1. Once each part is reduced to its C-alpha centroid, what is the distance from the range 287-333 to the range 156-180 in angstrom?
2. Give the long-range amide H neighbours of PHE274: residues separated by 5 or more places, or on another chain, with amide H under 5 Å away, using H modelled in the peptide plane at 1.01 Å from N.
3. Quick check on the exposure proxy: order SER385, SER156 from fewest to most C-beta atoms within 10 angstrom.
4. Starting from the range 248-321, pick out the chymotrypsin sites (Phe, Trp or Tyr not before Pro) whose DSSP state is loop and whose Cβ has at most 14 other Cβ atoms within 10 Å.
5. Taking the number of other C-beta atoms within 10 Å as the exposure measure, put SER155, SER204, SER168 in order starting with the fewest.
6. Taking loop as defined by DSSP and a crowding limit of 10 other beta carbons within 10 Å, which GluC sites (Glu not before Pro) in the range 295-359 fit?
7. Of all alpha-carbon pairs in the range 130-247, indicate the percentage at a distance above 21 angstrom.
8. What are the ³J(HN,Hα) values, in whole Hz, obtained from phi via the Karplus relation 6.51 cos²θ - 1.76 cosθ + 1.60 with θ = phi - 60°, for each residue of the range 247-264 in sequence order, with x given for Gly and Pro?
Amino acid sequence: MANAIMSTIYNHYMTTYSPRKSDARLDSHNKSELKTICSKIAKLNKEAPLYLYDRGEATTSFALSLKENTRQLQRTILNTTGSKENDLFKNKVAFSTDEDVVSVKYIGENDSASEESDSYEVEVQNLASSQVNIGYSLPNQEKSLKPGTYSFDVSSNNIAYEFQFTVSEEDTNIDVQNKLARLFNHANIGLDASITDDTPDSSSLRIESAKTGDGEPPGTPLFSIHNSNKNADVDVVEVLGIDYIARNASDAHFTVNGQEHSTASNQFTINKVFELTLKGVSSDFGEPVTIGLKTNIDSLKDNIYNLISGYNTFLQAVDEYKILTSSNKLSFETKSVAKLYRNELDAIGINITENGSLSIDDSLLTQTAESEEAYDLLSPLKEFSSSLFNKGEEISRDPLNYANQRIVAYKNPGKSFTSPYAISSYSGLLFNYYC
């Protein structure tokens, strides 16, 4: 039972906070890097006073949220400034002439010059879709099922699952539908269930597959629902009607430079250079969407805009934390990083506003980006982003340092020692409720 609870909590944490795509430099470490991180944490705790933290859910939520917002800021810095010293905002940026139909991301190598002239014409005939089953529209307050225990089978990805549920004396149709929706969603088998309000007094159960694309072989449903006990007095699937396929799954169909293609997903890559996400269908006029790489100046400006946006987003979250922490410490330290480079940032068109956020003078920034000394002029911005990244590492090391706390005791100066059992109070938050 303990292992099941631990797995549930771990999976919830990973699906809620973990990014879909990790940055290797930020989310993985070699042996020497882990040793350095551990040494820094140990050194930090060696001299730090003994604090007493509020162990409530609000503090736990604050610490988790702060760490993940900090990591998101660090990802933004890495994605815009580059991971190497000589990159200096040289990351290439892709463009799409119609983001509502096709969005694009550059995933190639930034030091490759042969891809700069590559562009593609994409026309979308239809998107990849998921399978949707919709049950009968049942009166909310009536009782279509008698009290008792019922079961049915769900087949998905060549695996059969048995679902069981109980109907009590008080359960109405809407209660049963809500119970089944929770049952599907908690099963974690790639099906999402919800309740559709057909009229003010009736509703139906909607079940949709997370997977898209035609089945194997073509025309095969991605999932099927059927009665598990043919000898039962009541066929619950027939009563609820949840075996009805309202929409079959289908592949996406599109053309690239006039060549027809299909795929089971709305996201795919072209030549390991562009990652495309299909979002809509092309117009009837047959106007294709052009994707390609922006010029060096446009890419440079886009990277800077993304960096400033990432900083402002993080600062907005920091200001919201004041309500939880009743302290300006985190806000003051974050804004102080930008203030150190105020004059240098002003010179290239990046200004600090009254609330501490950053604004951009586009004309001055464009003038800077178009100058022959652009990368030299922008070097202070690289230093600013580097300092901001380091501040993020400091925050991530111990987010509880910014939570409400009371000093219980000071350590003896010069005679303190490292405690191997108290590396970081933050690390125990995830285990506090089920250890």
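Just so it is clear, none of the values below were taken in a lab; they were calculated from the coordinates. On a predicted model such as this, the values are computed, not experimentally measured, just so you know. All Cβ positions, glycine included, derive from the backbone under ideal geometry; neighbour counts span all protein chains shown.
1. Each part reduced to its Cα centre gives a spacing of 44 Å.
2. Close amide H contacts, sequence-distant or interchain: ILE107.
3. Placing the least packed residue first, the sequence is SER156, SER385.
4. Answer in residue order: PHE285.
5. Ascending number of Cβ neighbours within 10 Å: SER168, SER155, SER204.
6. Working: sites: GLU320, GLU333, GLU344, GLU354; in loops: GLU354.
Here the GluC sites (Glu not before Pro) that fit, given the DSSP loop and packing criteria, are GLU354.
7. 34 percent
8. Ordered by residue, 3J(HN,Hα) equals 8, 7, 5, 8, 7, 7, 10, 7, 10, 10, 6, x, 8, 6, 9, 9, 8, 6 Hz.
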